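J.: Quick one: the structure is below, and I'll ask about it shortly.
The values are calculated or read from the model by the stated rules, or taken from the named source; none is laboratory data. Because the structure is a prediction, the values reported are computed rather than measured. Please note: Cβ atoms are built from the backbone with ideal geometry, for glycine as well, and neighbour counts cover all protein chains shown. SASA here: full protein model, heavy atoms, side chains in, ligands and nucleic acids out. Shrake-Rupley method; radii C 1.70, N 1.55, O 1.52, S 1.80 Å.
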Amino acid sequence: MKLLEGKIALITGASRGIGRGIALKFAEQGANIAFTYLSSVEKAQELEKELEAYGIKAKGYCSDAADYKASEELVNAVIADFGTIDVLVNNAGITRDNLLMRMSEQQWDEVMNANLKSIFNVTKSVQKPMLKQRKGSIINMSSVVGIKGNAGQSNYAASKAGIIGFTKSIALELGSRNIRCNAIAPGFIETEMTAALDAKVVEGWRNGVPLKRGGTAEDVANAAVFLASDMSSYITGQVINVCGGMLT
Ligand code: NAP
């Protein structure tokens with residue numbers, strides 16, 4: 001028996017990186033997958049085909065998670081196509097790194113909207129079908145940076161810390177309806193987001209991790225499978241660090 005057999009999952013930002021890894025792991029475990037992307041049309045089409053090869057239903061939607069109305073329309077479209085939503089993974093996120101001295105208002109706002117407001121937008125719409133069926137699992141992608149801070153990432157760290165407060169509040173609000181809400185805080189996961197970093201910085205980070213390697217999208221996806229599945233049915237309001245011991 002697969003861990004997510006027959007469940008319907010909506011994953012934001014799955015055309016690349018961690019979101020893509022989660023979509024593939026979920027499909028392997030029998031979930032039907034609705035996923036979003038913003039600009040990577042070809043990658044999204046390729047992913048749709050890869051997911052369907054697992055014998056599940058999969059569909060990609062071009063939708064900006066930072067846009068409230070678009071998120072409402074997205075959730076309505078997913079419900080029309082799939083019937084309901086059992087699992088929501090709020091994964092879409094961006095970085096616009098800069099020291100505070102040089103950070104523009106635009107860099108602050110873009111990160112807040114894509115990383116934090118997006119989670120409000122999509123969760124608010126998804127709670128309706130979850131309340132109706134009296135079950136659901138919401139997984140929000142935070143970061144170890146949201147727990148410990150990082151110089152040059154005050155906008156990103158603030159958005160990721162905000163996600164943790166939101167996660168715990170929603171767990172308290174919706175627990176009585178059997179809707180769980182947890183966060184994952186990845187450490188240094190090697191994706192396109194981190195490929196933009198200086199090679200020396202990356203090597204330094206790898207050496208600083210107790211497990212002596214960067215994480216993979218699959219490492220994060222495995223934690224997401226656990227939180228999406230009934231294996232974690234008594235776990236809500238928690239943050240799981242997937243960081244190779246970085247935050248220890
Ligand atoms: P990534 O490789 O840059 O991929 C980001 C994904 O999000 C892409 O699919 C992108 O779509 C999508 N996206 C961006 N803005 C969006 C929006 N407004 N609406 C809908 N989709 C949007 O990033 P990643 O490294 O996989 O990171 C995924 C999540 O994990 C993020 O929330 C990130 O903050 C978090 N995280 C990552 C690390 C790490 O080390 N990589 C560590 C901690 C936390 P397009 O392809 O169409 O642009």
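J.: With the chain treated as a Gaussian network of Cα nodes joined by springs under 10 Å, which of Ala65, Ala14, Ala223 yields the largest mean-square fluctuation?
T.: Among Ala65, Ala14, Ala223, the largest GNM mean-square fluctuation belongs to Ala223.
J.: In addition: Between the helical axis of 68-82 and the dominant principal axis of the chain, each derived from Cα atoms, what acute angle in degrees is found, rounded to the nearest 10?
T.: That helix lies at roughly 40 degrees to the long axis.
J.: Continuing with the same structure: Could you report the chain's accessible area per residue, 1.4 Å probe, as an integer in Å²?
T.: Accessible area per residue, the chain: 47 Å².
J.: Also: Apply the Karplus curve 6.51 cos²θ - 1.76 cosθ + 1.60, θ = phi - 60°, to the phi angles in the range 107-114 and return the couplings in whole Hz, x for Gly and Pro.
T.: 5, 5, 5, 4, 5, 4, 5, 6
J.: Would you look at the GNM of the chain, springs on alpha carbons closer than 10 Å, and say which of Ala196, Ala228, Ala70 moves the most?
T.: Ala196
J.: Using Cα pairs under 8 angstrom and six or more residues apart, how large is the relative contact order of the chain, in percent?
T.: Across the chain, relative contact order equals 20 percent.
J.: In whole percent, and with a 1.4 Å probe on the protein chains, what portion of the accessible area of the chain is carbon and sulfur? Present the calculation step by step, with values, prior to reporting the outcome.
T.: On the way: 6270 of 11740 Å².
Ligands and nucleic acids excluded, carbon and sulfur give 53 percent.
J.: Divide by every residue of the chain the summed helix terms, -39500 (n - 2.57) for each DSSP H run of at least 4, and state the resulting mean residue ellipticity at 222 nm, rounded to the nearest 500 deg cm²/dmol.
T.: Helix contribution divided over all residues of the chain: -14000 deg cm²/dmol.
J.: Report, in degrees rounded to the nearest 10, the 0 to 90 angle that the Cα long axis of helix 217-228 makes with the longest principal axis of the chain.
T.: Computed tilt is about 40 degrees.
J.: Hey, what did the range 1-123 get for relative contact order, percent, Cα under 8 Å, at least 6 apart?
T.: Answer for the range 1-123 is 27 percent.
J.: Continuing with the same structure: How big is the range 148-230 in terms of Cα radius of gyration and Dmax, in angstroms?
T.: 15.5, 48
J.: Separate question: Out of the range 186-248, which trypsin sites (Lys or Arg not before Pro) are coil in DSSP terms and have no more than 14 other C-beta atoms within 10 Å?
T.: For trypsin sites (Lys or Arg not before Pro) across the range 186-248 that sit outside H, G, I, E and B with at most 14 neighbouring Cβ atoms in 10 Å, the list reads Lys212, Arg213.
J.: Using square roots of five times the C-alpha gyration tensor eigenvalues, list the equivalent-ellipsoid semi-axes of the range 8-242 in whole Å, biggest first.
T.: Equivalent-ellipsoid dimensions as semi-axes: 27, 20, 18 Å.
J.: Taking the Cα atoms only, what angle lies between the long axis of helix 17-28 and the longest principal axis of the chain, rounded to 10 degrees?
T.: 30
J.: Please list, in order along the range 235-243, the HN-Hα scalar couplings obtained from phi with the Karplus expression 6.51 cos²θ - 1.76 cosθ + 1.60 (θ = phi - 60°), rounded to whole Hz, x for Gly and Pro.
T.: Along the range 235-243, the couplings run 10, 8, x, 10, 10, 9, 7, 10, 9 Hz.
J.: Would you pull out the residues with amide H under 5 Å of Tyr61's amide H, same chain only if 5 or more places away, H placed 1.01 Å from N?
T.: Correct list: Phe35, Thr36, Tyr37.
J.: At Val201 and Lys135, where each label point lies 7 Å from the Cα along Cα→Cβ, what is the point-to-point distance in nanometres?
T.: 4.4
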